[in-house]
Every structure is written in structure tokens, then in C-alpha cells.
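The values are calculated or read from the model by the stated rules, or taken from the named source; none is laboratory data. Only a predicted model underlies this, so the values are computations on that prediction, with no experimental measurement involved. Cβ placement follows ideal geometry from the backbone for every residue including glycine, while neighbour counts extend to all protein chains displayed. With ligands, DNA and RNA removed, areas are computed over all heavy atoms of the protein, side chains included. Shrake-Rupley method; radii C 1.70, N 1.55, O 1.52, S 1.80 Å.
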Amino acid sequence: MVEPYKNLSWDDFRLIKAIADVRSLPAAAALLGINHSTVFRRLGQIEDALGAKLFERHRSGYTLTTVGEEMVALAQRVDEDITAFTRKMAGRELAPAGELRVTTNDSLLVHLLTPLFVKFRKKCHDVRLDVVLANQELNLSKRDADVAIRATDNPPENLVGRRAATIAWALYGRTSDFPVPEAIDQESLFERDWVSLGDNLATLKAVKFVHEHVPPERIGYKVNTVLGLAEAVEQGLGIGHLPCFIGDARPGLVRLSPPDPEFSADLWLLTHPDLRHSPRVRVFLDFLAEEIAKKRKFIEGLVTSSD
């Protein structure tokens, strides 16, 4: 007679891990793309097969039992092994083709990358781009993305890549408010209204400068995206620091100070070590590095036009 627990499949382990991750049957169902009743029924079947409870049901959600913790730990190890295997297989493909998932943030996408992606697609039509916008780092080890394009001074140690440029930052205001920017008294700027990035980006040096030098009552607007900050400056909500490739691209904005080297950040093109020899990853990274090099002076604030 076959033991019931020997019929457990990888999908059963995935289901238990999903419930453990989100602590809710409806949320787990949404995560797995199935309905709530299926999750409820299958959980009961798995627990019956094992002869043990995997979760304690509390008002705050589903909490793993000791047996449940062992099952999730095994699921995690298997998931990591499967992911590592698929990474290695992706790295052995023969020609640049298939889907390439790229993660970056909205400001890089809108003001720098979209025209380059268009150009890449025309050159390598067999590579399909799936662009994921996220300010937080996605896990390239788990194939949340194949390539990350990030502005950072500390790229993750488990990734490999290249530094494509240094992103310069400067102080900007609305052109109509500063018709003769060369005549500005720098000290008087602290008496004006300012805009700043939100607390979630407080580690950026430009944000730290504003919080340390501008009176709190003068910071009338904060927003958690650089694109939103550029819009705020352009609409006259206040002056603020922006990457030069964004500020200089907008005719309605003018530099109020030279680029400050202290505020700069490196632009990195990153991938997982197992994928660096994949033809689609390699051709994509090589293409971007070459195209970004053509715009390096503009990105680094040395010229005010990308032409």
C-alpha cells in the first residue's frame, strides 16, 4: 500500500509556502492564481495526508506549526535549487532570443532608457523586453529580473556588471522664477520654498542636505519619486535637487548651482553571475553600455543637452 504522503507534489509544497509567506488563504490564492476554495480544500488534503497540522489559525492569520516550518524550509531549498538550475540553463542558450526581464526605476526609464530600449528592439527583434519598475531591489538570484539598471554607490555583492556612468545632481528652479540664474545669491535660496524626496529616499545625499540645511518650514512638499519631484519644481512648488539628465531635459527648469560631486551616484548595469554569459543578457548589456557612453557627458552634467 502506498503511503498517502508519498503522493505530495511540488505544487503542494508551493501552496504551503505561499500560505506561510502571506499568512492568508485568499492572499495565497491570489499569489498562485487559483481560487480561495481550491487553496482551502488542498490544504486540508495535504494535512490529512501528513496526519499533522501545518498551520495554527489565529485572528492575525495563519502561523506555521513545527511540521509546517519543516515543510516550508524544504520548499525553500527546492525552490532555490530549481531557480539556480534555470539560471544556468538560461546562461547556456545559443543565440540572443527569448524574454529578458529588466528592472529599473521610473526616472531612469522615462528620461534615459525608453529610447535605448526602442533602439535595442529594432536591432535585436528576437529578444522581448519585460520591464519591471521598482525602486526597491528585486531579487535577481530568484529570477525576479534578469538585468537590473540602478543608480547606486553600493551594488549588491552577489551580482556582476559594469558601471556605465556617474549620475550628476544639481539644484534646479523654475526658469520663469530665475530669469538670470547667474546672478543668484546662493544664501538667499534657503529663504525660498523647497521640495524634497520623501523619507523612503532619505539615504540619498541630496535629501540629507535638504534636511540638514533647509528650515523644515521651508520644505513645503515631499514626494517619493524623482519624476514627481521634477514635476513639482516645474510647477513652481519650490526649488529642489534633481539628476542633471532630468533637470536639463526640461526647458521649464534651470540650474541654480553647478553639479555637486557629493550628490552623485553611479549608474550600474547588473545581472546574476549565472546569466552573464547568456547571449540575450550579454548583447543587451553591451548595447546599453555603448549607448549610455554616448550620453555620458549629459548624464554627468558636463553638457546641458543630450544631442
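Applying a threshold of 7 Å to beta carbon distances and a minimum spacing of six or more residues, or different chains, the list of pairs starting in region 107-120 at a residue that is within 11 Å of L288 (Cβ to Cβ) and ending at one that is of a type in the set (S, T, Y) reads L113/T104.
Residues that are hydrophobic (A, V, I, L, M, F, W, C), over 24 Å from V223 (Cβ atoms) and at pLDDT 95 or above do not occur anywhere in region 173-183.
Test I239 against the stated conditions and say whether it is at pLDDT 95 or above, of a type in the set (A, V, I, L, M) and out of contact with any strand residue (DSSP E or B) (no Cβ under 7 Å at 6 or more places or on another chain). Let's see the steps before the verdict.
Working: at pLDDT 95 or above: yes; of a type in the set (A, V, I, L, M): yes; out of contact with any strand residue (DSSP E or B) (no Cβ under 7 Å at 6 or more places or on another chain): no.
No; evaluated as a whole, the condition is false for this residue.
Scanning region 209-232 for residues that are open to solvent by 30 Å² or more (accessible area, probe 1.4 Å) and touching a Phe, Trp or Tyr at 6+ places or on another chain (Cβ under 9 Å) yields F209, H213, P215, R218, I219, G220, Y221.
Within region 177-190, being surrounded by 10 or more Cβ atoms within 10 Å (Cβ to Cβ), out of contact with any Leu (no Cβ under 9 Å at 6 or more places or on another chain) and either in contact (Cβ under 8 Å) with a residue 60 or more places away in the chain or of a type in the set (D, E) (or both) holds for one residue alone: D177. Count of region 23-50 residues, restricted to those that are open to solvent by 40 Å² or more (accessible area, probe 1.4 Å), under 14 Å from L8 (Cα atoms) and without any contact (Cβ under 8 Å) to a residue 24 or more places away in the chain, is 1. Condition check: open to solvent by 20 Å² or more (accessible area, probe 1.4 Å) and under 12 Å from G173 (Cα atoms). Does R276 satisfy that? Criteria not met by R276. Consider region 191-208 and keep the residues that are without any contact (Cβ under 8 Å) to a residue 40 or more places away in the chain, open to solvent by 90 Å² or more (accessible area, probe 1.4 Å) and in a helix (DSSP H, G or I). The one that is nearest to D266 (Cα to Cα) is K208.
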